[in-house]
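Participant: The structure that follows is given in the form of structure tokens.
The values are calculated or read from the model by the stated rules, or taken from the named source; none is laboratory data. A quick note: this is a predicted structure, and the numbers were derived from the prediction, not measured. For neighbour counting, all protein chains shown are included, and Cβ atoms are generated from backbone atoms with ideal geometry for every residue, glycine included.
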Amino acid sequence: MENSIPEQKTSVWIKIGAVMLFLVFGSLIMVVFSPWRPLLKPAADLVGRVGLIALLGVCSWLAKKSGGFHSLWPMLSGLMIMAVAVSMMWLTANYLIDHLGLNSTAPSGFALLKLNDMVVVFVVVLVLSRLMGFKFSDLYLQKGKVRLGLLLGVGTFILAAAISIPSGIWLFKLDPAKLTGWREWLPWLVVFVLANGAMEEMLFRGLFLKKFEPLLGEFLSIFTIALVFTALHYGVSYTSQQLIFMGILIGLALLFGTVIQKTRSLWPAILFHAGMDISVMLGIFSNLN
């Protein structure tokens, strides 16, 4: 399917600049203005979010109008869309907790908040992408190679589910003795992993992979996104083996991107990602009870 991001010849400095901009602004969006644990006080956080979105919007518009930096505008546009999506995730999650009484420490609240994140990300990304002239195929939202996609997506989900208990014990503080109430929270676990897989794949590889490919080629595009994606998981409290977890995660991030490129579709990577989250959530949900 034709996409709206043409391949262009660009200098090595533009390529390096694109990678650096993504690393800096991507980390700024997801760490300083985190949708879960922002670092600034509320007033400064709000001003910072609005200012960052405006800055990225202006930079994207200038790059699109510029001959020398035109190849950067898809990536800068993606960063602006990410900043809006992350800010909306933060605002809506606060509303759900403060006004609807969702308990973020209960399995149901955990899952519904993540479902909210997924809906917000998809709505923001799809609406703003279309308004900015991108096609759904630019987000890898297409059927792609259906048979291969089903084989990889469903196959990896089943495999990950099959090894989720031993991997949960090894990496994610899962105590098998606490699985006695699993029937009550298993449906919420399934909702969570599917929502989280869809949200993270859209926010990272869906939003940026095809924007980077004309600049960096397929592998470097996967690798650049994998670096930011992996780094954002450093210091999480749900693993007992931080360094091993980070090593596994960057490998998985590279595989998620490869699956997308091989199948030409985001959907198999969402299932693959969701399957790998099962062991994480077994550890988290079992310890909520």
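Participant: Sort through Tyr234, Tyr238 and tell me the only one that's surrounded by fewer than 18 Cβ atoms within 10 Å (Cβ to Cβ) and touching a Phe, Trp or Tyr at 6+ places or on another chain (Cβ under 7 Å).
Facilitator: Exactly one of Tyr234, Tyr238 is surrounded by fewer than 18 Cβ atoms within 10 Å (Cβ to Cβ) and touching a Phe, Trp or Tyr at 6+ places or on another chain (Cβ under 7 Å), namely Tyr238.
Participant: Can you give me the ranges of the helices (runs of 4 or more DSSP H) entirely in the range 130-209 with at least 1 residues that are among the acidic types (Asp, Glu)?
Facilitator: 182-201
Participant: Considering the range 238-266 alone, what residues qualify as being over 17 Å from the mean Cα position of the chain (by Cα), closer than 19 Å to Phe219 by Cβ and not in a helix (DSSP H, G or I)?
Facilitator: Arg264
Participant: Please identify the pairs in which a residue from the range 160-174 that is touching a residue at least 40 places away in the same chain (Cβ under 8 Å) and charged (D, E, K, R) has its Cβ atom under 6 Å from the Cβ atom of a residue that is surrounded by 19 or more Cβ atoms within 10 Å (Cβ to Cβ) and in a helix (DSSP H, G or I), counting only partners at least 6 apart or on another chain.
Facilitator: Lys173/Gly283
Participant: Can you give me the number of residues within the range 210-231 that are part of a helix (DSSP H, G or I), within 24 Å of Gly133 (Cβ to Cβ) and either modelled with pLDDT under 95 or out of contact with any Leu (no Cβ under 8 Å at 6 or more places or on another chain) (or both)?
Facilitator: Qualifying residue count, the range 210-231: 6.
Participant: Every residue in the range 130-144 that is under 17 Å from Phe204 (Cα atoms) and without any contact (Cβ under 8 Å) to a residue 60 or more places away in the chain, please. Explain how you work it out, then say what you get.
Facilitator: First pass over the range 130-144, keeping only residues under 17 Å from Phe204 (Cα atoms): 134-142.
Answer for the range 130-144, where residues must be under 17 Å from Phe204 (Cα atoms) and without any contact (Cβ under 8 Å) to a residue 60 or more places away in the chain: just Phe136.
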